[in-house]
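J.: Supplied in C-alpha cells, the structure appears directly below.
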Amino acid sequence: MKTYAVGGAIRDTLMGIPAHDIDYVVVGATAEEMVAEGFRPVGKDFPVFLHPATQAEYALARTERKTGAGYKGFVFHADPSVTLEQDLERRDLTINAMAQELSENGEWVGPIIDPFNGQEDLAKKILRHVSDAFAEDPLRLLRVARFAARFPEFIVADETLLAIKAIVRSGELAALSSERIWQELARGLTATKPMRMFQVLLDAGAAKLLLPSGLNAQLIDEQQRETLRKYLRITPSVLEERCAVVLMNLSATEIRAWSEAVKMPNEVRDFSEIFSELKRLLKHRGEKKSSASEILAWFNRADVWRKPERAMMVLTLAKQIGFEVNDLIQALQKAQALELAQCIADLDSADRNNGEKIRLVVEKARLAAIAAAL
C-alpha cells in the first residue's frame, strides 16, 4: 500500500501557491484494508475514505469507463491492481496529473511523478488535456474555462480546444446538472480574469448554450466585450458583485429566468436584479431627470430600509465602475436618517394603529427627504 498527494496540490506547490485542499490517492489497497487501518468510508460512487486523525479524504486508485451521458455516466473500477499512472490518466489536465509519495509521517517525499509532462506544460503555461477520455466528461469544458480565468497567463492547447469543441458537438452539455454548471461559473467569476472564462466558452461554442442570450450577445460584440472587461478589472472578486456587473445589461426578468436555470443562490440573484434595475434608473436619469418617486421606487425595490448594507454595497459598486450615484447615496442617507416615530406622531391618534395610513405617512416623508437631497 502506497499513498500519494495528487492533482492541484502538486501544481500549486510548483507554482509557489499555498496548497489548501490536498487530494490523496492510495495504491495497492482494498476497501477492507482501509477500514482495518481506521479509515471511514464516505464515497458513494467510488471508494473514498476519511483519515482517522486528520479527516482528510483518501481515494483508492481507480480507472473509469464511459457508460452513459454526462459527468455521472461512468463506471469506476478500484482494486489493488490499479496503478498510479492509470489513476492519473483519467484526470483532466496534465498540470493536474502529477503526484508525490507520502511518507509514513505524512511528508511529501521523493521525486514528482509526472507521466504526462505536467511540469513541462506548467513551465510553458499551457492548459493541455491528458488523454482522449477528456472529451467524455462535459464538465471538463467548464473546468478548462475556469482554469483559464484563474491562470490568465496560460493558453489552451490547440488539441484541447478541439476536444472541448467536440464536447459541445456531442450534446452532452445538456446532461450537466444546473448546480455543477453554476459551481464552475461562480468559481470562474471570482477568479483573476473572468473574461478569460467567457472567451474559452465563446471559442468552444458553449457560451450560447450555458449563458443567458443577452449576455452571449454582449460577449460576441467586440466593443461590448471590451467594456465588460474594463468593468470587471475594477470590480472586487466578490461573487455577488462580479455576477451583477456581468448581468447588468439584462432585465430583472432575464436574470431571474437564468438564475432558476442554473440554480443561482437567491442572494446573488437578488443583488444582480437590483443592480440591473439601478443601471436602468441611471440610464433614464441620463436621458431625463428622474423624479424623487422613481428613486423611492428603486429604494423600496432594493429593500434599503431592512437591508441598508446591501443597498450601500450596490451603490458603492456602481460608483466604483464609474456610474454617477453620489446624489442617490445622499438621498438614501437622508431618507434613512428620518425619525419615523416623529412622522407617525403627527398622525391623529385614531390612525396610529392603521397600517396603511402609517405606510403612506412614512412614504411621504421619505419622498420629501429624497427630493430635498436631489
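The values are calculated or read from the model by the stated rules, or taken from the named source; none is laboratory data. Bear in mind that the values here come from a model prediction, so they are computed numbers and not experimental data. Counting neighbours? That spans all protein chains shown, and the Cβs are built from the backbone with ideal geometry, glycine included. Please note that ligands, DNA and RNA were not included when accessible areas were found on the heavy atoms of the full protein model with its side chains. Shrake-Rupley method; radii C 1.70, N 1.55, O 1.52, S 1.80 Å.
J.: Would it be correct to say that residue 266 is at pLDDT 95 or above and under 20 Å from residue 315 (Cβ atoms)?
T.: no
J.: Starting from the stretch 28-51, keep only residues that are part of a loop (DSSP other than H, G, I, E, B), then list their pairs with residues that are of a type in the set (Val, Ile, Thr) whose Cβ atoms are within a distance under 7 Å, requiring at least 6 positions of separation or different chains.
T.: 42/48
J.: May I ask you to verify whether residue 15 is open to solvent by less than 80 Å² (accessible area, probe 1.4 Å), under 27 Å from the mean Cα position of the chain (by Cα) and of a type outside the set (Phe, Trp, Tyr)?
T.: yes
J.: OK, next. From the set of residues in the stretch 18-46 that are under 29 Å from the mean Cα position of the chain (by Cα) and under 16 Å from residue 62 (Cβ atoms), which is most open to solvent (accessible area, probe 1.4 Å)?
T.: As a first pass, look at the stretch 18-46 and keep what is under 29 Å from the mean Cα position of the chain (by Cα): 18-25, 42-46.
After this cut, where a residue has to be under 16 Å from residue 62 (Cβ atoms) as well, the list is 23-25, 42-46.
Details: 23: 80, 24: 35, 25: 2, 42: 59, 43: 39, 44: 198, 45: 123, 46: 58 Å².
Ranking the qualifying residues of the stretch 18-46, first place goes to 44.
J.: From the residues in the stretch 120-179 that are out of contact with any Asp or Glu (no Cβ under 6 Å at 6 or more places or on another chain) and polar (S, T, N, Q), which one is surrounded by the fewest Cβ atoms within 10 Å (Cβ to Cβ)?
T.: The residue in question is 178.
J.: What number of residues in the stretch 233-267 are hydrophobic (A, V, I, L, M, F, W, C) and free of Cβ contacts under 8 Å to residues at least 40 places away in the same chain?
T.: Keep residues of the stretch 233-267 that are hydrophobic (A, V, I, L, M, F, W, C), which gives 234, 238-239, 243-248, 250, 252, 255, 257-258, 261-262, 264.
With the extra rule that they be free of Cβ contacts under 8 Å to residues at least 40 places away in the same chain, the set shrinks to 247-248, 250, 252.
Number of matching residues: 4.
J.: Only residues that are under 15 Å from residue 2 (Cα atoms) and not charged (D, E, K, R): list them for the stretch 71-97, please.
T.: If the condition is that a residue be under 15 Å from residue 2 (Cα atoms) and not charged (D, E, K, R), then 78, 80, 81, 82, 83, 84, 86, 88 are the ones that fit.
J.: If you don't mind, there's one more thing I want to ask. Considering each of 261, 252, 217 in turn, give the residue that is open to solvent by 10 Å² or more (accessible area, probe 1.4 Å) and farther than 23 Å from residue 146 by Cβ.
T.: Unique residue meeting the criteria: 252.
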